[in-house]
1. With a 1.4 Å probe and all protein chains kept in place, how do 284, 149 rank by accessible area, largest first?
2. How many nm separate the modelled label positions at residue 250 and residue 165, each set 7 Å beyond the Cα in the direction of the Cβ?
3. Quick one: what does P(r) look like for the range 74-211 with 5 Å bins over all Cα pairs, in whole %?
4. When the scattering of the chain is computed by the Debye formula from its Cα atoms alone, each counted once and equally, what is log10 I(q)/I(0) at q = 0.10 Å⁻¹?
5. Let me know the longest stretch in the chain that avoids all GluC sites (Glu not before Pro) found in a DSSP loop with at most 13 other C-beta atoms within 10 Å.
6. For the range 233-288, with equal point scatterers placed on the C-alpha atoms only and solvent neglected, what are the log10 I(q)/I(0) values from the Debye formula at q = 0.16, 0.20, 0.22 1/Å, to two decimals?
7. Sequence gap at least 6, Cα distance under 8 Å: using those rules, report the relative contact order of the range 24-123 to the nearest whole percent.
8. Return the long-range amide H neighbours of residue 198 (sequence gap of 5 or more, or a different chain), with a cut-off of under 5 Å between placed amide H atoms.
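The values are calculated or read from the model by the stated rules, or taken from the named source; none is laboratory data. Everything numeric in this text was worked out from a predicted model, so none of it was measured. Backbone-built Cβ (ideal geometry, glycine too); neighbour counts: all protein chains shown. Ligands, DNA and RNA are excluded from the accessible area calculation, which covers all protein heavy atoms including side chains. Shrake-Rupley method; radii C 1.70, N 1.55, O 1.52, S 1.80 Å.
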Amino acid sequence: GNYSVRVQVTGCGSLPATTAVIVHPIPALPVITTNSPVCQGETLNINGPAPLPVAGTEYSWNGPNVFTSTIRNPEFLNAQPNLSGNYTLVITENGCSSPVGNVDVVVVPLPISNAGADLTVCSLVPAQIGTTPTAGYTYSWSPIQGLNFTNISNPIATISNVSTEPIVQEYIVTTTDLGCTTTDTVLVTALPQPIANFEGPAPMCFEGNSFNFSAGGQFGPLATFNWQFGPTANVPNSSDKNPQDISFGSTGLNNVTLQITDQGCESNVFQFPVQVWRMPVANFDASAYTA
């Protein structure tokens, strides 16, 4: 407070002299507040206490990476992990310094999201997306359709495509670590599933049998064909779309199969039994006739 001091020299008749003595209090230990922990890229705030109602309050901050500041509330935009550490604050009021206050601040590094490379697969062929897991990370995938699991780093995607055009499915992984999240996207292209069939020819007699075939079903202009006619056919197999003049060296049912490959995707194996009739044999017995 304020003290009045009176001095008088006795015996000499001097007049008394007075002066004011002021004893200032030492500022209290600073109470520091912060929004730490924050995620990398967010705004970090470190707040000193409000000044007392006196003029000339001074703030002296020190922190990691030779950080210094004289403002009450330092603010860090786009905070990075190298800002993590201990920050100290000394307040000076009326020439008197407070004890050293301190606070620990954490800027959490963002986890790395990796949904894997874009890929192309055949309809209903399982494909693995994502990457190997990182300890401590949690994962969430969307959408859930076609995935065997949605909470692991590398699920299996199985996409059905019954159309005639490729289907592109986008999957998004959200990766979380210590409350901080990032996302990444992968595109999975599912090619159409080719379908093989053909119209079976009518039966023929063995002599001069000759059959024509025409591939049917569902396939694109780049499709390839695998016909199998069996070991007795004049052409055991063919890659033509419409093989002609196929004859068989055996009677009965001859199984003909067709499988189509389109952009690396294989169809079903379609089978049809082609009938070859055996030739009829004519004979008769003659006996003598007497009248």
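1. 284, 149
2. It is 4.7 nm.
3. 2, 8, 13, 11, 9, 8, 7, 6, 6, 5, 5, 4, 4, 3, 2, 1, 1, 1, 1, 1, 0, 0, 0, 0, 0
4. Debye output, listed in q order: -0.82.
5. 1-198
6. Debye intensities relative to I(0), on a log10 scale: -0.65, -0.87, -0.97.
7. Computed value for the range 24-123: 34 percent relative contact order.
8. Excluding prolines and chain starts, which carry no amide H, the hits are 216.
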